[in-house]
Amino acid sequence: MWILKLGKPVSVPTLSETMAIELGANLIGEGIIFIIAAGVLYLEYTRQARRDRLKEEARQDEIQRLNMILEDLYFQSEKQDAQIRELMRTVHDLQGRVIHKPWLGRKDSPPPPPPHSHSSHPPLLPVRELDADGELKQRNPGNNGKPVECSNNGIILQALDYFDYEVRGRQYHISES
């Protein structure tokens, strides 16, 4: 008080007993109210923090679950892609065998020609085309490009045709025959 230049208190009034009891009761009451308010504020803060923590944990669990599903789908897609490539290789191999050996189904046909083991060219794969009527024909590059009728009734071949045409978006060449 000396620094603020308020001066020295000259006299302190004396309190009566009733006045002191009333002042003490007010002080204790306000203290109790302050403690209760601080406790309620602390409890609300911890409840809010716990709720936010649980919400964040649930969000992290959902993100982790979605990442696991995404990884599973990626690996399943890779596996199916490898299976499709293997099936395509098998189908092309089988089609090449059927087209290059048409005499197997006939009894009066000449014996098959000997294989050309000294040839450095890989075997030519047949090309599938749609003719003007919408029928699927195969052209054998080793047969001067003449169309070869093929039975496309197998479910695997139909599935592969669907996959090539619809999924991969390959367009068949329309021949002028």
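The values are calculated or read from the model by the stated rules, or taken from the named source; none is laboratory data. For clarity, every value in this text was computed on a predicted model and none was experimentally measured. Cβ atoms come from the backbone with ideal geometry, glycine included; neighbour counts cover every protein chain shown.
None of Asp72, Asp93, Asp81, Asp52 is part of a helix (DSSP H, G or I) and more than 30 Å from Leu160 (Cβ to Cβ) except Asp52. Answer yes or no as to whether Gly105 is surrounded by fewer than 10 Cβ atoms within 10 Å (Cβ to Cβ), at pLDDT below 95, closer than 29 Å to Leu157 by Cα and of a type in the set (Gly, Ala, Ser). So Gly105 passes the test.
Among residues that are part of a helix (DSSP H, G or I), exposed (fewer than 10 other Cβ atoms within 10 Å of the Cβ) and free of Cβ contacts under 8 Å to residues at least 24 places away in the same chain, Thr18 is included. Close contacts from region 68-96, counting a first residue that is touching a residue at least 40 places away in the same chain (Cβ under 8 Å) and a second that is aromatic (Phe, Trp, Tyr) and assigned to a helix (DSSP H, G or I), with Cβ to Cβ under 8 Å and a gap of 6+ residues or different chains, come to Ile84/Phe163.
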